[in-house]
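Some notes on the structure that comes next.
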Amino acid sequence: MTAIGHPALSILMIGCGNMGAAIANGAVAHMPAIDITAVDPDVERARQLLSSQAPVEVLADFEGLNDRNFDVCILSVKPQHAEAALQAARTNLPDALVISIAAGIPLARLRAATPGLRRFVRVMPNLPALAASAMSVGFADQDAVSERDRQVVEDVFGAVGTFCWLASENEIDLATDVTGSGPGYVFAFTEYLQRAAEQMGFPGDVAQQFARQTVIGAARLLEQDPRTARDLKVAVTSPGGTTAAGLAVLETPGALPTLLVETTAAAAGRAAQLANVPQ
Ligand SMILES: NC(=O)c1ccc[n+]([C@@H]2O[C@H](COP(=O)([O-])OP(=O)(O)OC[C@H]3O[C@@H](n4cnc5c(N)ncnc54)[C@H](OP(=O)(O)O)[C@@H]3O)[C@@H](O)[C@H]2O)c1
C-alpha cells in the first residue's frame, strides 16, 4: 500500500479498542494529511494498541474535545454503546461524515439517534485489520454522501486491507456472515488440521507449527498468485496422488462444500435474530 495524498482531514475515533486502534494505525501510516483524535475511557489500553509512533491524541471523555469540530467520525465502540456514544459526540460533528463499524446496527438506528447528523456510511471490516489485511465492505447512503466522502472511506479502509462497496445495507449483513465470521472458520480449520497432525503422533507444538504455517503459506500464495483458489487446488493435486485422496474425503457430498453453505447460513440466521433484539 502506498501513501495517499489527502487534503487535511480531522478524524474523531469514538472507541479505540482493537478495531479503532488498528484503523487509526493504518490510516496514520498511509494518509499523511490526517489528524486523528480518539476518545476511549481506557486511555492506557488505547495507547498500548496504537503503534508507538502513531500521532493520535487519546482522550478519556468527550469533555476534553471542548468545541472542536471534526470532518469524519469513525464509530468503533461495541454495538450496544454505539447510539449513546454518537449522541455524546454529536456537538463536535455538526457537518461530519459518520462511518460506523458497529456490527448489526442499521444506519436508520444511528440516524434516528442523532437527528442533526446527515452523512452516514456503514463499514464492516474484519479481524485481519489488526494485521493490515482486512476484507472490509461498506454501504453508503447514496443521496447524502459525496464522492469525496466515498474516497475517504476507501482510503481509510484501504489502509488496513481491501475495501469493497456493496449496493444495499442488507448485503453488509450477508457479507458479514462470510468476511466477518470467516476468520473464525479459517482458525477452526487450522485448529482441526493441527489436531489431525497430533493424532498422527506429532507433538502439539510441532503439529501447531505444521498447521499454522500451512495455512499462512497457502494464504500468501493466494495473495501473490493470480490463479483462483480452485486453480491452485487443481495445481497442487496430482491425479491419483495423496492430495487427491485427502480431497476426496473433504469434498465428499455433505462434507466441506455443504458444511460451509450451512455455516454461513447459520451465521446469517443468528444475525437476523440479533437484529431483532433491542440493544
Ligand atoms: N473485532 C472484530 O473483529 C470486529 C470486526 C468488525 C467490526 N467490529 C466492530 O467494531 C466495534 C469495536 O470492536 P472492538 O473489537 O474494537 O471492541 P473493543 O476492543 O472492546 O473496543 C471498543 C472500545 O470502545 C470503548 N468505549 C466504550 N464506550 C465508549 C464510549 N461511550 N465512548 C468512547 N469509547 C467507548 C471501550 O472501552 P471499555 O472497554 O472501557 O468499555 C473499548 O475500549 C464493534 O462495534 C464491533 O462490532 C469488530
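Numerical summary
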quantity	calculated
Conditions (1) outside any helix (DSSP H, G or I); (2) within 20 Å of Ile14 (Cβ to Cβ); (3) acidic (Asp, Glu); number of the one not met by Asp155	(1)
Top-ranked residue in the range 115-145 [being polar (S, T, N, Q), at pLDDT 95 or above and outside any strand (DSSP E or B); ranked as nearest to the ligand (Cβ to nearest atom)]	Asn126
Count - residues of the range 26-40 that are in a loop (DSSP other than H, G, I, E, B), out of contact with any helix residue (DSSP H, G or I) (no Cβ under 6 Å at 6 or more places or on another chain) and at pLDDT 95 or above	0
Residue in the range 229-236 that is in a loop (DSSP other than H, G, I, E, B) and surrounded by 14 or more Cβ atoms within 10 Å (Cβ to Cβ) present	no
Flag if Thr162 is touching a strand residue (DSSP E or B) at 6+ places or on another chain (Cβ under 7 Å), part of a helix (DSSP H, G or I) and among the polar types (S, T, N, Q)	no
Some residue of the range 102-111 being outside any helix (DSSP H, G or I), out of contact with any Asp or Glu (no Cβ under 8 Å at 6 or more places or on another chain), under 23 Å from Ser136 (Cβ atoms) and within 13 Å of the ligand (Cβ to nearest atom)	yes
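Residue-by-condition table, conditions (1) over 18 Å from Leu130 (Cα atoms); (2) at pLDDT 95 or above; (3) more than 18 Å from the chain's Cα centre (by Cα); (4) surrounded by 12 or more Cβ atoms within 10 Å (Cβ to Cβ):
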position	(1), (2), (3), (4)
Pro7	yes, no, yes, no
Ile23	no, yes, no, yes
Asp42	yes, yes, yes, yes
Leu50	no, yes, no, yes
Asn66	yes, no, yes, no
Cys73	yes, yes, no, yes
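The values are calculated or read from the model by the stated rules, or taken from the named source; none is laboratory data. If you're wondering where the values come from, they're calculated on a predicted model, not measured in any experiment. For neighbour counting, all protein chains shown are included, and Cβ atoms are generated from backbone atoms with ideal geometry for every residue, glycine included.
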